[in-house]
Amino acid sequence: MLADRLGKSKSWVDKVERGVRALDRFTVIQDLADVLRVDPVALLGRGAPPSQAARAAVRGVDGVRAALARYDTALNVPGNPPAAPPAGELSRRARHAWLTYQHADYPQLLRTLPELLADAQHAHATHANGGGGDGDGAAELLVQAYRITSSVLVKLGEGDLGWFAADRAMSVAIGDPLLTAAATVPLGQALRALDRPRPALTVTIAAAYRIVPRVWRDGPPADLALHGTLLIQAALAAAGFGDERSARELLDRAAGIADEIGEGHDRHWTSFGPTAVELARVAAAVALGAGGEAVVLHERVVGADDWRRLPAEHRAAYLLDATRAYLRVGDPLAAGRALVDADRTAPAEVRLRPVARTLLTDLARHGPVPADVAGLATALGIG
């Protein structure tokens, strides 16, 4: 009855009840609260005033939403708009935005994205209307702006808006297989965040193999890394609906590419390499319900030297997967340590992401927690 009223499958409800699937989207929590006729706060834990960073993130999301809702550039609204920024300046700003994302400074990133989006749209439209400039470069910069936007929105639980930004990136990339492949990465992430793993698998596999002839024949390692990243995304999508065989096969293929090219080929800002593949194996194992395997893999990968070379965002986000793995095997103390490590690595990953709040709530339900976990729970208003 609950599944019917929610419009979900019985298996979805079963996974939520068993802790296999986390309730990490507020819209779903709101729907569940409505069906159960309780206040959403009862499902989230004791309320607390939002932190300054949380308030800044909310304002930032509103600003990005307003920027995505603007169509004056596309419709060529009359007026005297300023000249588009030079490609070099836009490229530097896009690079700075990526670095801000990798450092998990999401409030700062959200403050800069509306202007970056507007200027990248303006530069792309200027070239499209015969205004000169580097057309390919303008398209790539606009795709990058949409990719960053989609990625941070998905992080903050705004899956629908993240999907919209990724779809915009796909529209700009039409006709360029490599650019389309880059745009497909956040699209797959957004679809998975919206609990649509099957279409996520379809689109990421299609994009990955569309660029195979080019990247294997004469492509640089960075393009091979993009192909490998799409295989990882496809594997995580397959794991999302329980296709263990496909998930493992895709990860093995990604591992072969990673072993061939090594670490450090990050022109497309994917952080792809052998370590990223091993982290994905842990995430896939967690999604498949193989908590014991995930824990073994996790403890091996964090002992490797290359682990610390990953961006702070990547490491902290992965530690949330490790937290879930430890909870699956009934080890709340290790789960708490992983979550606290994530908070020390990149606080915004824990304090601004709904999925982290869900994990912290699950930890609190296991009984008394260590002082550092209790302090984190108090900071987030979770009793």
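The values are calculated or read from the model by the stated rules, or taken from the named source; none is laboratory data. Fair warning: this is a prediction, and the values are worked out from it, not measured in the lab. All Cβ positions, glycine included, derive from the backbone under ideal geometry; neighbour counts span all protein chains shown.
Miscellaneous remarks
- Evaluation of Pro86 against (1) closer than 18 Å to Arg65 by Cα; (2) modelled with pLDDT under 95 (one fails), failing number: (1)
- Filter result for Glu299 (touching a residue at least 12 places away in the same chain (Cβ under 8 Å), closer than 28 Å to Thr270 by Cβ and of a type in the set (D, E, K, R)): no
- Checking each residue in segment 234-248 for being assigned to a helix (DSSP H, G or I) and within 11 Å of Ala284 (Cβ to Cβ) picks out Ala234, Ala235, Leu236, Ala237, Ala238, Ala239, Gly240, Glu244, Ser246, Ala247, Arg248.
- Residue within segment 329-341 that is outside the structural domain of His265 (by TED's automatic domain parsing) and touching a residue at least 60 places away in the same chain (Cβ under 8 Å) present: no
- Selection count, segment 255-273, where residues are crowded, with 18+ Cβ neighbours inside 10 Å and over 19 Å from the mean Cα position of the chain (by Cα): 5
- Within the option set Val350, Val369, Val355, Val340, being assigned to a loop (DSSP other than H, G, I, E, B), of a type outside the set (Lys, Arg) and closer than 25 Å to Glu293 by Cα holds for one residue only, Val369.
- Subset of segment 343-364 that is of a type in the set (D, E, K, R), modelled with pLDDT of 90 or more and buried (at least 18 other Cβ atoms within 10 Å of the Cβ) - its residue that is nearest to Arg21 (Cα to Cα): Arg353
- Flag if Gly367 is at pLDDT below 95, surrounded by fewer than 18 Cβ atoms within 10 Å (Cβ to Cβ) and under 20 Å from Arg21 (Cβ atoms): no
- When residues in segment 147-182 are screened for being over 18 Å from the mean Cα position of the chain (by Cα) and surrounded by fewer than 21 Cβ atoms within 10 Å (Cβ to Cβ), 6 of them pass.
- Condition met for Leu191 (outside the structural domain of Val350 (by TED's automatic domain parsing) and under 18 Å from the mean Cα position of the chain (by Cα)): yes
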